[in-house]
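Notes to accompany the following structure.
The values are calculated or read from the model by the stated rules, or taken from the named source; none is laboratory data. These figures come from a predicted structure and were not determined experimentally. Note: ideal-geometry Cβ built from the backbone for every residue, glycine included; neighbour counts use all protein chains shown.
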Amino acid sequence: MIRAENVTKIFGSDPESAIPLLEENKTKEEIRELTGQTVGVNKASFDIQQGEVFAIMGLSGCGKSTLIRCINRIIDPTAGHIFFKHPDRGEVDITQLDEEALRTLRKQNMSMVFQHFALLPHRTVLSNVGYGMEIQGRGRRKRQEAAQRVLDMVGLGPWGRSYPSELSGGMQQRVGLARGLATDAEVLLMDEPFSALDPLIKVDMQQELTRIQRELHRTILFITHDLDEAMRIGDHIAIMEDGKIVQIGSPEQILVNPRTEYVAKFVEHADPTGVITAGTIALPLDSDKFVSAGERDGISYLHRQDLPHVRYGMDREGRLHDVQMDEQDVPVRRLEEVLEDESARPASSERTGLALTCGEDAVLRDILRSRLYSTLPVAVTNGDGRVRGLIDDPELINGILEKRGEIP
Ligand SMILES: Nc1ncnc2c1ncn2[C@@H]1O[C@H](COP(=O)(O)OP(=O)(O)OP(=O)(O)O)[C@@H](O)[C@H]1O
Ligand SMILES: [Mg+2]
């Protein structure tokens, strides 16, 4: 949907003088000393897919706001290109658009949500939410219907006739979010929209946005300086340092495999439980820690070296057939299913009476919760139902502490 190619912004009286120094990989500090110019963004390149939340994260001053403003040309980049897949005109290079085309682009295709939403004080909440659509030239009826729908989504359905001053800060923030979501712009640019909120409301808003996004599938560029926030809502995360993007990846890739010291520092304090997946931490089936336990009726059995009395039977395709403990069949259920069924929670002493399976994308938090239902290892299966590995306590602990695969 958006492709940035070497987007660069130098602030100062002679931006061009800094460009060759960037090519020599001089740092932001060195360039300031040599030329007096400030590097805002240094050759940033990335792809944002249609329907994803792309989060940009980094410390204060690293260039996040400058970069997002280059995308809709509130700031003109010094160098580089930004391609946008326009719904009617195919790929357009935003850096080549004239003023008129830019105004249309901002009105129709890219709406921007700021940290301070600046609601219009003399308009009702409903009319504030509809404001973006008004600029787009939508009719009054359509505007009000759409505005009400989004207001319902953010949990402010009954507040449409109130004025912003009658709402708390957190509620105003929701109105701002609703205003951004209400237009049918393909791209939503959000610059730290939640950073002024207190922590509990902030988490609420993150969940709200993820929930709404599951319905609307907007393409969102989301700026934050909070890695946990980036990981909660981002499908991909780009990490910025001194104007440069130093790593791009899924939240799990960033957490498991930080590529620089700077990224590692952020990751150290991040919460892995919603990010690390079963596929990453499972003891893989081809590990030499599995021992064959014979074959019966075309079903081959194996067990973990450290747990000989629990056997897993697999058919020829590698799909889980049965689980046995002390040679007795144990019922097998899906993790997702039991987690939804509080009443299925057995007494502590009976947690060995059930075996669970989960998909490769189940998150650590859910596998930890599974311990309330079963103490047997969780069998991790792929889309075809083939067993990929097992997760027992060592893998879980490793997942929390080390954030990656097999314990050495
Ligand atoms: N208009 C400007 N003129 C000169 N320098 C600027 C201007 N805007 C930003 N800068 C510089 O560019 C760099 C990046 O600033 P930017 O505002 O993009 O950072 P940020 O990552 O958004 O920080 P924050 O998290 O504090 O919002 C900083 O060194 C800043 O001093
Ligand atoms: Mg900023």
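Condition check ((1) more than 33 Å from the chain's Cα centre (by Cα); (2) part of a strand (DSSP E or B); (3) over 25 Å from V187 (Cα atoms); (4) β-branched (V, I, T)) across all residues:
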| site | (1), (2), (3), (4) |
| --- | --- |
| E5 | no, yes, no, no |
| T8 | no, yes, no, yes |
| S17 | yes, no, yes, no |
| E29 | no, no, yes, no |
| E33 | yes, no, yes, no |
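Taking the residues in the stretch 220-232 that are away from ligand 1 (no atom under 16 Å from the Cβ) and buried (at least 22 other Cβ atoms within 10 Å of the Cβ) as candidates, determine which candidate is farthest from D47 (Cα to Cα). Going through the qualifying residues, I end up with M231.
For (1) more than 28 Å from I19 (Cα to Cα); (2) away from ligand 1 (no atom under 16 Å from the Cβ), each residue gets a yes or a no:
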site	(1), (2)
D184	yes, yes
L197	yes, no
D242	no, no
I245	no, no
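For the stretch 191-209, filtering for residues that are among the small types (G, A, S) and modelled with pLDDT of 85 or more leaves 0.
A quick yes/no check of all residues on (1) at pLDDT 95 or above; (2) out of contact with any Pro (no Cβ under 9 Å at 6 or more places or on another chain):
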residue: R211; (1), (2): no, yes
residue: E215; (1), (2): no, yes
residue: F222; (1), (2): yes, no
residue: H225; (1), (2): no, yes
residue: V246; (1), (2): yes, yes
residue: E268; (1), (2): no, no
residue: T273; (1), (2): no, yes
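Of all the numbered requirements in (1) touching a Gly at 6+ places or on another chain (Cβ under 9 Å); (2) within 16 Å of ligand 1 (Cβ to nearest atom); (3) charged (D, E, K, R), E33 misses one, and that requirement is (1).
If you check G51, G61, G40, G90 for being without any contact (Cβ under 8 Å) to a residue 60 or more places away in the chain and either within 16 Å of ligand 1 (Cβ to nearest atom) or within 25 Å of the chain's Cα centre (by Cα) (or both), only one passes: G61.
Residues in the stretch 62-94 that are in contact with a His (Cβ under 8 Å, 6 or more places away or on another chain) and surrounded by fewer than 20 Cβ atoms within 10 Å (Cβ to Cβ): V92, D93. Just to check your reading of the model, which residue among R123, R143, R138 is in a helix (DSSP H, G or I) and basic (K, R)? It is R143.
Could you please let me know if F266 is within 16 Å of ligand 2 (Cβ to nearest atom) and within 17 Å of the chain's Cα centre (by Cα)? No; evaluated as a whole, the condition is false for this residue. Selection of the stretch 205-243 for residues being charged (D, E, K, R) and within 16 Å of ligand 2 (Cβ to nearest atom) yields D226, E229, E241, D242.
For the residues R334, R351, R316, the requirement of being surrounded by 14 or more Cβ atoms within 10 Å (Cβ to Cβ) and farther than 27 Å from M231 by Cβ singles out R351.
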